1. Quick one: is residue 7 in a helix (DSSP H, G or I), touching a helix residue (DSSP H, G or I) at 6+ places or on another chain (Cβ under 8 Å) and free of Cβ contacts under 8 Å to residues at least 24 places away in the same chain?
2. Please note which helices (runs of 4 or more DSSP H) are completely contained in region 91-207 and include at least 1 residues that are out of contact with any strand residue (DSSP E or B) (no Cβ under 8 Å at 6 or more places or on another chain) and under 19 Å from residue 241 (Cα atoms).
3. Looking at 92, 78, which one is within 30 Å of residue 29 (Cα to Cα), under 20 Å from the mean Cα position of the chain (by Cα), surrounded by 15 or more Cβ atoms within 10 Å (Cβ to Cβ) and touching a residue at least 60 places away in the same chain (Cβ under 8 Å)?
4. So if I check each of 293, 288, 237, which one is in contact (Cβ under 8 Å) with a residue 24 or more places away in the chain and farther than 28 Å from residue 82 by Cβ?
5. Could you grab me the full set of residues in region 236-252 that are surrounded by 14 or more Cβ atoms within 10 Å (Cβ to Cβ) and modelled with pLDDT under 90?
6. Do you know which of the residues in region 264-273 that are in a helix (DSSP H, G or I) and surrounded by 16 or more Cβ atoms within 10 Å (Cβ to Cβ) is modelled with the lowest pLDDT?
7. Out of (1) loosely packed, with under 14 Cβ neighbours inside 10 Å; (2) in contact with a helix residue (DSSP H, G or I) (Cβ under 6 Å, 6 or more places away or on another chain), the odd one out for residue 70 is which?
8. Which one is farthest from residue 33 (Cα to Cα), of the residues in region 334-344 that are surrounded by 15 or more Cβ atoms within 10 Å (Cβ to Cβ) and within 24 Å of the chain's Cα centre (by Cα)?
């Protein structure tokens, strides 16, 4: 009864917001539009996005500006839920917010150490971040080197963690991004164990633990297919925590002599069975990851509607929707056919 009483209000709020998620038919209607302006206008008439693009028109309808507005809609949804949440629910949302911070850090880091610096405008997110974060977005967006970037993180939880990495060797962009992900998952595990009830911890572990496992699987796959790394080098890239995977399965995938052998091992894992993969089909691993995570996030919410899983599931699918919209709009920009557009959207 306690969970029902404490979650009844916010569950009702989430269900109302879920009703405004874009349907499959609406995506197909947008895929049939001819221009980016038409797609933006279509979005503007949907409840979740109304008023979002009022200051964008003509030449300002470039990818960066549209993407910023779409991400802002995710932040606004987060803010609505935060205002509606009780103290315990806010502890989870504070933890989830770290995911937004790390996305911003990765964007700023890529720009700071890339060969072609571009001006990135994070000012549109500034008001939102001031409520939940100690990061200075304006300083981060102005970083023009790794040393600038690290200096602009001083005073945050990220500074010592990343500074220590730069002091020990010559890390790459990939190293920094892996370590940011590692910090995120470590923080999740620590907070879940300390602040959440046993039932809530188990629900979130199913989602975040599976996401962690699948991230490690993807890194093993990419290391073998694109970089031809040795198994000892692959192990150094993996997050040293596993959920449904065991060490023997990780070892066999990392030491597989071919992609076919890698998939043969993957088929024997929890995730291979969950996705019902056929080894000889060599499925798209990112698509497989999405299918498995979609099932897990949806089932945790459906089976436990009056729990933290409801918040977690909504934010996951809202973020997925935004990626689909970005893909759809860019596909229209490049004049792909409606069938091609839907194919790309469904693979997001």
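The values are calculated or read from the model by the stated rules, or taken from the named source; none is laboratory data. Model, not experiment: these values are computed from the prediction. Every residue, glycine among them, receives a Cβ derived from its backbone with ideal geometry; neighbour counts consider all protein chains shown.
1. no
2. 157-168, 173-195, 198-204
3. Answer to the selection: 78.
4. 237
5. 237, 238, 239, 241, 242
6. 272
7. (1)
8. 344
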